[in-house]
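Take a look at the structure below.
The values are calculated or read from the model by the stated rules, or taken from the named source; none is laboratory data. This structure is a prediction, so every number in the text was calculated from the model and none was measured. Because the Cβ atoms are built from the backbone with ideal geometry, glycine has one as well, and the counts that use them run over all protein chains shown. Surface areas here come from the heavy atoms of the whole protein model, side chains and all, with no ligands, DNA or RNA. Shrake-Rupley method; radii C 1.70, N 1.55, O 1.52, S 1.80 Å.
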Amino acid sequence: LVSGRVQEYKGQPQLVVEQIVPVPASQVSLSDFVPGSRFDREVMWRRLDAVMLSIKNPHLRALLRAIFTPGMRESFCTTPGGREVHHAYVGGLLEHTLEVVAYAEVMLAEQGQFLNRDLLLTGAILHDLGKVEEYNLTSLSFQMTDRGKLLGHLQIASEKIGLAARTISDFPDQLLTELQHMILAHHGTAEWGSPQEPKSVNAMALHLADLVSGRLGQFSRIISEHKDESNPWSSWDRYLERSVYIPKGM
């Protein structure tokens, strides 16, 4: 909390700081200082909650209830989807998760013959759960925590799911194993950070849904940051390893 007085210096206003007082982190809203989702987070949460209520498998419904305590819900709605690559803003994780769920639902409608709806949607909801511990949520630049650097969000999510499943009576071992495989494989390849490649149809569907959301998120970031309307090409993006064509007026 900064207080002082405003005065003019060489024709420009300047602030003369007289006092700086540390404010407890609990009184600081991260969204006041860093970019946030353009969508209302409460509305997005209600959409995600409706999907969770549609899960019919009693074990998976119980798992979701066990994981999303009030504290976890608050963290999940605040966490960014990434630091730089895609959805790198407050509420980005929630927005990205809804996109992955939406793409998964399209797959279920179009090619869902062998897909397990409840398992796929549960995986879509939980696939990036580990990001709530991967990022320091009090950091204005989304710095990574020690656990985030040492384990990564895939391993953290798998661990949290396993711990929650153990609190649920008679949670099927095979169901837990496939769900954890989906989480650990959703980046697709070791090159992209997955300790496992997708080895079930549900794991492949989750990987592809996540990939579409992430890739389009990358293009959206580049388009949003492009300021030179006279040049239809963005600067070189080191993540996509290309420049992006941006037609005038986009």
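Could you give the dipole magnitude of the stretch 93-217 about its Cα centre, charging the beta-carbon of Lys and Arg +1 and that of Asp and Glu -1, in debye to the nearest 20?
That gives the stretch 93-217 a dipole magnitude of about 180 debye.
Using the charge dipole of the stretch 103-228 (Lys, Arg: +1 at Cβ; Asp, Glu: -1 at Cβ; taken about the Cα centre), state which of Ile223, Met204, Ala104 has its Cα farthest towards the positive end.
After comparing all options, I get Ile223.
So if I take the centroid of the Cα atoms in the stretch 1-67 and the same for the stretch 95-147, what is the distance between those two points in Å?
So the separation of the two Cα centres works out to 20 Å.
Taking θ as phi - 60°, what are the ³J(HN,Hα) couplings along the stretch 199-213 by the Karplus curve (6.51, -1.76, 1.60), each to the nearest whole Hz, with x for Gly and Pro?
Once θ is set to phi - 60°, the couplings for the stretch 199-213 become 10, 9, 5, 5, 5, 5, 4, 5, 4, 5, 5, 5, 5, 4, 4 Hz.
Round to the nearest 10 and report in Å² the accessible area of Arg61, as given by a 1.4 Å probe over the protein chains' heavy atoms.
80 Å²
With runs of 4+ DSSP H residues as the only contributors, calculate the mean residue ellipticity of the chain at 222 nm using -39,500 (n - 2.57) per run, divided by the residue total and rounded to the nearest 500.
-15000 deg cm²/dmol
Considering only protein heavy atoms and a 1.4 Å probe, what is the carbon-and-sulfur percentage of the accessible area of the chain?
Here carbon and sulfur together make up 53 percent of the probe-accessible area.
For a quick check: with amide H placed at 1.01 Å from N, whose amide H comes under 5 Å from Asp237's, ignoring anything fewer than 5 positions away on the same chain?
Under 5 Å from the amide H of Asp237 lie the amide H atoms of Arg242, Ser243, each far enough along the sequence or on another chain.
Run the dipole for the stretch 148-223 about the Cα centre, Lys and Arg Cβ at +1, Asp and Glu Cβ at -1, nothing else charged, and hand back the magnitude in debye, nearest 20.
320 debye
Can you find, among Ser54, Val16, Ser31, the residue farthest towards the positive end of the dipole of the stretch 1-145? Put +1 on the C-beta of Lys and Arg, -1 on that of Asp and Glu.
Ser54
Sorting check: for 52-59, 14-21, which peptide has the highest mean count of neighbouring beta carbons within 10 Å, and how do the rest follow?
52-59, 14-21
Mind checking the per residue accessible area of the chain for me, 1.4 Å probe, whole number of Å²?
57 Å²
In whole angstrom, how far apart do the alpha carbon centroids of the stretch 199-250 and the stretch 172-196 sit?
24 Å
What dipole magnitude, in Debye to the nearest 20, does the chain give about its Cα centre under +1 on Lys/Arg Cβ and -1 on Asp/Glu Cβ?
So the magnitude is around 220 debye.
So who's got an amide H within less than 5 Å of the one on Gly36, skipping anything under 5 residues away but keeping other chains? H placed 1.01 Å off N, in plane.
Val90
Between helix 41-53 and the chain, what is the angle of the helix's C-alpha long axis to the longest principal axis, kept within 0 to 90° and rounded to the nearest 10?
Once rounded, one gets 0 degrees.
Given contacts defined as C-alpha pairs under 8 Å and at least six residues apart, what's the relative contact order of the chain, whole-number percent?
15 percent
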